[in-house]
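The values are calculated or read from the model by the stated rules, or taken from the named source; none is laboratory data. For clarity, every value in this text was computed on a predicted model and none was experimentally measured. All Cβ positions, glycine included, derive from the backbone under ideal geometry; neighbour counts span all protein chains shown. Please note that ligands, DNA and RNA were not included when accessible areas were found on the heavy atoms of the full protein model with its side chains. Shrake-Rupley method; radii C 1.70, N 1.55, O 1.52, S 1.80 Å.
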Amino acid sequence: MSCNGTGEKGGVVLQFILRRIGVSIFILWLASVLMYVLTINSGDPLQDLRQTNSSNREQLIAARVENMNLDEPWYTRYAIWLGGASKCLILQCDLGTNRTGQSVNELVADAAASSLRLVTLATVLAIVFGVTVGILAAIRQYSGFDYVVTFLAFLFFSLPVFWAAVLLKQYGAIDFNNWIADPGVSLVTTLLLALLFGMVFSVIAGGDTRRRVLTFAITAVVLFAVVTYFDAVGWWRRPALGLGLIVLLSLAALAVLLMLTVGLRNRRVIYCGLATIGVGIVSFFATRSLMEDPSWTLILVLAAVAAVVGAVIGVAFGGYERSTAIVISVGTALSFGFLVFLDQLLRNWGLYLEGNSRPISTIGSGSPLFSGNFYEGIWNWATQLILPTIVLTLISLAQYSRYTRSSMLETTQQDYMRTARSKGLSDRVVNTKHALRNALIPITTIVAFDFASLIGGAVITERVFGWSGMGALFQEGLNTVDPAPVMAFFLVTGAAAILMNMLADIAYASLDPRIRR
Amino acid sequence: MADTSSGSAGDRPEQDRPDAPGSGREELSPVTGQADPEAPHDEADVESKYSVEKQLDFTQKSYSQNQLVLRRFFRHKGAMIGLVTLLGVTILAYSSIGTAAFPGWWDKSYRSSAMVVDGGRPTLSLFPPTWGEYPFGQETTGKDYFALTMRGTQQSLLVAFSVGIGSTIIGVTVGALAGFYRGRVEAVLMRATDLFIVIPLLVLAATMSKGLGGGIWGISFVLSILVWTGLARLVRGEVLSLREREFVTAAEAIGTPSSRIIFKHILPNTIGTIIVSATLTIAVAILLETALSFLGFGIQPPDSSLGQLISTYQTAFQTRPWLFWWPGIMILAIALSVNFIGDGLRDAFDPRQSRSED
């Protein structure tokens, strides 16, 4: 019962999570046995040595047998591996050695960082965009937008990952690099872009013909003006947001937050948001020198400060709507902070371009010898990450958008939706308060499965883009029938999947109070 | 309210006014004794106007459940385009180079090399529409790329359909048993599904098919025993709710054996789910097989597969892009049309979320 107080409720959720952890570890163990047996039976680990003509053949074979413990039966080898791997629980992993005697721990450290960064980023982006697009498509069912989204979703579903990756490598990297060397947008391209964006926005906005035409005209004109202006000032090579755009964009963020919570009529909450932006403008000048070359610690500290300031504003001026005001103010403060960070990041793009004339990399997952300031470091890995992330995001985005759409449509046919409308609630309240929350519940269940398939996709994507990530570790290990790297791959990705699953479960429990009983 | 400006109507609403004599509706008139017995009466009209029962239109044809499903499916534009494309691709792939059993109409083999003509550029053109000597071009050693692509398409289709059939049989059996008997089978099913949260499908398939040596039937087998879990869960869910229904209780009451209840009473009611899921499995299988072949754990050379072709020639994208485009377009065409067919089937079996009327 939810009225028993927060302590009890927390206890039940904790118990629920602990039970899930127990089950997950059991499954991880079962899967590890399966994976181990399959890997060692997938071929002959000594095959290349048996065929070699080198004089020290016997010696090489003996060394490999020694490294891989081939003289032991399979269960003893598995037990040795499990003994080392179970030390991970006390944070002292020992993942064994590969067939040349190299410690797998070292191999995994770098590979895991780059692969997990890729997969996590793709998951988050796919959830955010996929759910948004799915909801819009459901609200505007049978509109042009809905049909386009449906078709694109089917297209991305059916797209072979490796094929899309090679295509993107050509058009997203090689051609973009050629373009950025001497950027410029021709008049025809600008016009086409303006028309395209105008069309997209007008079908999203919907409404009657007058509203559509108006949306189309405004978007097209604004985009045309922006692109022309950017082109004129050489924005593509020296981009920046500037205070004006920062304020404008954070106002937009505030508006979106308000639409999702209390609507645009609640004066008190609006004033809280505006006050937050005001404080943000002051701190923009105050932290300017700090933001020139910060570190991650500093960024995190500043973000925490922004959140606290937002919360204080919410508490001080929120009045009877204190909790909503706090959420809005903190959200606005964080958006403002992020925009300031983005501004600085963009200002360093030119500097990064001078060092790297062909910025988007097509091969490799990171240049360890890179030197530059904080922002250039970010650009360095962002330009390597962007294309693989796009490939992975597109493919799981399709799934999320389809799933959200059908879940949302299912929800909008429920009786309580009709009740909500018939008692006179606005579209906004019905869609965000009644439909969205209930429609999100089933989506949390596909996150777990989708994460696993993204890891599979990452194996392929990493190969196309020549990353030495977890995928390469797995592939090489399997090709040489060497269980240690394969098991390391399995352990890292499996643990990450379980963690993701757990997050989904917690989200599930917070969305659906029934599960906590 | 007193509105006297509208003359004779006064404050009386329009429909309460007496009808003119001879109109046939005098009996409704508050002014009695004005009914004209000679006036034409229309009983049927009165019936249709004031009856509380729904009027059936016997001139229209009525349809059975199966006919309704078929009608909805054939009216689904996307599904029809998908079906035509899939049939076209299948017929092209099998009739052009033929199989071991029968020869095709295309004169070149995917095995034999030849002189490279014009840098191996494709001779296919739309204006004027001609096939030419090498419609899809030639690869580096002069093999005809059309024949190679068609061979790859055959292999992919074969894998996809055998996986579709195999995994459906496994999935339906396990799902039905788990839903009907609960207990241990259900626990095994649930743990097997959980397994795929921890091990990606592609990784497990790669490991298993490497052990089996990468023949086409080996891959089909591996994929079949891996991709059934989704369908099994769906079938289990439906069986769980169906086994509580009255018709199952009735069957049990007259002593019908369990196997007969499952196969004759319950499973026919889940046919929609099964067909839709089997179709979507085919699309998944195509993509998995090509991905495996791309990674080098699938179909091995000298045999050809669409994924393997892309893998071999992906570095040639700058110089010979057609080596890369054709197999990709083939995969995309097959997977896309299968997905559209699946969507059409889903709308046909479960029209709650679709626009179609009947």
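Could you say whether any residue in the stretch B:349-357 is more than 8 Å from chain A (Cβ to nearest Cβ) and open to solvent by less than 10 Å² (accessible area, probe 1.4 Å)? There is no residue in the stretch B:349-357 that is more than 8 Å from chain A (Cβ to nearest Cβ) and open to solvent by less than 10 Å² (accessible area, probe 1.4 Å).
From the list A:273, A:319, the lone residue that is crowded, with 19+ Cβ neighbours inside 10 Å and of a type outside the set (S, T, N, Q) is A:273. Of all residues in the stretch A:196-230, exactly one satisfies the criterion of being crowded, with 17+ Cβ neighbours inside 10 Å and out of contact with any helix residue (DSSP H, G or I) (no Cβ under 6 Å at 6 or more places or on another chain), namely A:199.
Would you pick out the residues in the stretch A:285-300 that are over 28 Å from the mean Cα position of the chain (by Cα) and touching a residue at least 24 places away in the same chain (Cβ under 8 Å)? Within the stretch A:285-300, just A:287 meets the criteria. Considering every residue within the stretch A:441-449, establish whether at least one is out of contact with any Phe, Trp or Tyr (no Cβ under 8 Å at 6 or more places or on another chain) and under 30 Å from residue A:173 (Cβ atoms). Within the stretch A:441-449, one or more residues are out of contact with any Phe, Trp or Tyr (no Cβ under 8 Å at 6 or more places or on another chain) and under 30 Å from residue A:173 (Cβ atoms). For the stretch B:319-345, the candidate set comprises residues that are assigned to a helix (DSSP H, G or I) and among the β-branched types (Val, Ile, Thr); within that set, the residue that is farthest from the other protein chains (Cβ to nearest Cβ) is B:341. Restricting A:124, A:131, A:119 to those that are under 19 Å from the mean Cα position of the chain (by Cα), open to solvent by 60 Å² or more (accessible area, probe 1.4 Å) and under 28 Å from residue A:495 (Cβ atoms) reduces the list to A:124. Of the helices (runs of 4 or more DSSP H) lying entirely inside the stretch A:411-502, the ones with 1 or more residues being open to solvent by 10 Å² or more (accessible area, probe 1.4 Å) and touching a residue at least 40 places away in the same chain (Cβ under 8 Å) are found at A:437-464, A:470-479. Of the residues in the stretch B:265-275, none is within 14 Å of another protein chain (Cβ to nearest Cβ), open to solvent by 50 Å² or more (accessible area, probe 1.4 Å) and either of a type outside the set (Ser, Thr, Tyr) or in contact with a Cys (Cβ under 9 Å, 6 or more places away or on another chain) (or both). Highlighted here are the helices (runs of 4 or more DSSP H) found entirely within the stretch A:156-233 that include at least 2 residues which are among the small types (Gly, Ala, Ser), within 14 Å of chain B (Cβ to nearest Cβ) and under 24 Å from the mean Cα position of the chain (by Cα): A:161-168.
Look at the stretch A:31-50 and say how many of its residues are more than 7 Å from chain B (Cβ to nearest Cβ) and either not in a helix (DSSP H, G or I) or not small (Gly, Ala, Ser) (or both). Total satisfying the criteria: 12. Name the residues in the stretch A:11-30 that are within 9 Å of chain B (Cβ to nearest Cβ) and open to solvent by 50 Å² or more (accessible area, probe 1.4 Å), would you? A:23, A:26, A:30 - these are the residues of the stretch A:11-30 that are within 9 Å of chain B (Cβ to nearest Cβ) and open to solvent by 50 Å² or more (accessible area, probe 1.4 Å). One residue alone among B:166, B:175, B:142, B:137 is within 30 Å of residue A:474 (Cα to Cα) and away from chain A (no Cβ under 14 Å), and that residue is B:166. Restricting attention to the stretch B:166-186 and to residues that are in contact with a helix residue (DSSP H, G or I) (Cβ under 8 Å, 6 or more places away or on another chain), of a type in the set (A, V, I, L, M, F, W, C) and within 13 Å of residue B:228 (Cα to Cα), the residue that is most open to solvent (accessible area, probe 1.4 Å) turns out to be B:170. In the stretch B:202-220, the residue that is surrounded by the most Cβ atoms within 10 Å (Cβ to Cβ) out of those that are within 14 Å of chain A (Cβ to nearest Cβ) and either more than 16 Å from residue A:42 (Cβ to Cβ) or not aliphatic (A, V, I, L, M) (or both) is B:209. Can you tell me which of (1) touching a residue at least 12 places away in the same chain (Cβ under 8 Å); (2) more than 30 Å from residue B:269 (Cα to Cα); (3) buried (at least 24 other Cβ atoms within 10 Å of the Cβ) is the one residue B:199 doesn't meet? Status for residue B:199: all satisfied but (1). The residues of the stretch A:397-410 include none that are away from chain B (no Cβ under 14 Å) and open to solvent by 40 Å² or more (accessible area, probe 1.4 Å). Of all residues in the stretch B:178-201, those being away from chain A (no Cβ under 14 Å) and not hydrophobic (A, V, I, L, M, F, W, C) number 6.
Pairs please, first residue from the stretch A:178-191 and among the aliphatic types (A, V, I, L, M), second anywhere and open to solvent by 90 Å² or more (accessible area, probe 1.4 Å), Cβ atoms under 9 Å, 6+ apart in sequence or on different chains. Note: pairs meeting the criteria are A:180/A:358; A:181/A:358.
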